[in-house]
Amino acid sequence: MSALDSLYQEVILDHSKRPVGKGALEAPEGDLTASHHEFNPSCGDEIDLSIAVDPATGAIEGIAWEGQGCSISMASASILSQLVREDRLTIAEAQERIDAFREMIQARGEGEPDEDLLGDAVALQGVSKFVMRVKCAMLGWVALEADLRQVEAQRG
Ligand code: ZN
């Protein structure tokens, strides 16, 4: 295993041990909220992911989740939550990150992921070589995408 691979392993392990965003959603007053349940039948991973969005600016002010599943799915949801919180993403920016992550995870190990967009999520690039695990890695991101659509529908 290369030094980079073992660094990536460590990132995934850290997130699965100390998940970011796991727990109940705290929504500032006046925010729009959305929640989505996503299930990955091929592995048994499940997540309920919720967000709170400022209706005026589209800024995601809260993200939280509950779930159970393999370490890939849980670490990926944690990394996603960290990304949304640290970079204070808007709906549009979050969608951009989701698109970049999906592209990386479906690339079967090819190409160079954009670390500026994906942060720690580049640690999951190795997963893209294992078709069976792609849905594990995507679980939280698919749930967030569904939440974004719900909030957009509420904003009208
Ligand atoms: Zn899984």
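Bear in mind that the values in this text are calculations on the coordinates, not laboratory data. Just so we're clear, the structure is a prediction, and the values are computed from it rather than from any experiment. Reconstructed Cβ throughout: ideal geometry from the backbone, glycine too, with neighbour counts over all protein chains shown.
With a cut-off of 13 Å on the backbone N, no residue of the stretch 117-155 is near the modelled label site 7 Å out from Phe39 along Cα-Cβ. The convex hull of the Cα atoms of the chain, projected and averaged over all directions, covers 8.6 nm².
Amide H contacts under 5 Å for Lys22: Trp65, restricted to partners 5 or more places along the chain or on a different chain, H placed in the peptide plane at 1.01 Å from N. Radius of gyration (Cα atoms) of the stretch 30-95, expressed as a multiple of 2.2 N^0.38 Å: 1.17.
Can you list the DSSP H helices in the chain whose Cα atoms extend at least 24 Å along the helix axis and whose mean Kyte-Doolittle hydropathy is 0.0 or higher? Write out the running numbers ahead of the final one.
Details: long enough: 134-155 (31 Å, 0.18).
What comes out of the filter, once short or polar helices are dropped, is 134-155.
Multiplying the residue separation of Met132 and Glu115 by 0.36 nm and subtracting their alpha-carbon distance yields 3.7 nm. Test of understanding: given the chain, find the longest segment containing no trypsin sites (Lys or Arg not before Pro) that are in a DSSP loop and have at most 14 other Cβ atoms within 10 Å. The longest uninterrupted stretch comes out as 1-87.
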